[in-house]
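Working notes, structure below.
No lab work stands behind these numbers, since they all come straight from the coordinates. As the structure is a prediction and not an experimental result, all values here were calculated from the model. All Cβ positions, glycine included, derive from the backbone under ideal geometry; neighbour counts span all protein chains shown.
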Amino acid sequence: MGLSDDRLYLEEPLKVYESEDKMQRFVLQVLLGISGLLMLFRFGAPALIFGATGPGPFGNRWLAEGNTATLLLDSDLRFFGAMMLGLGAIFFWTISRVEAFGSVIYILACAVALGSAARIYGRIVYGNPGTAGTIPIVIEAVIPFLLILLRYYVGKDANNK
């Protein structure tokens, strides 16, 4: 076994770690993209375009049939829809440089987790919001955990290089 064989033996595990780093980075970018799409199409666009009176996410209405929203509720929902579009854009913005936007990713993940906690509280206190309210609870509870975990490992790996 010559010197070149020893070097090959030592370099092979490095390739495995590099591919793991790339995979973690890729999965983080995919989750950021999914989060951005959810902000745009599940929350932002329906609220901004239709307000409280139109079809809500997944065709489930925000108001029961025959009920009327106050103008303030409709106005606020449209405003929050626009804010969600902005948050979706920020999620997309972070995809390109996940190492540089670590703090932004952590803040976004914590905001989503807080929103999930608020949904869980509402479900406990006021009841089941239906499928359109239950599915987001699951998604919003899992995605922040994964975003924080993956961003930690991607940032740690970037600092070690």
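Per the Kirkwood formula on distinct C-alpha pairs, the Rh of the stretch 21-160 is how many angstrom? Working shown, then result.
On the way: mean 1/r = 0.0625 Å⁻¹.
The Cα-based Kirkwood calculation yields 16.0 Å.
In deg cm²/dmol, rounded to 500, what helix-only [θ] at 222 nm does the chain give when every DSSP H run of at least 4 residues adds -39500 (n - 2.57) and the total is split over its residues?
Calculated from helices alone, the mean residue ellipticity at 222 nm is -26500 deg cm²/dmol.
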Problem set entry | the stretch 21-160, dipole about Cα centre (Lys/Arg Cβ +1, Asp/Glu Cβ -1), debye to the nearest 20 | 200
For this session: Return the FRET efficiency for the residue pair THR70, VAL27: r is the Cβ-Cβ distance, R0 is 30 Å, and the value is rounded to the nearest 0.05.
Result: 0.10
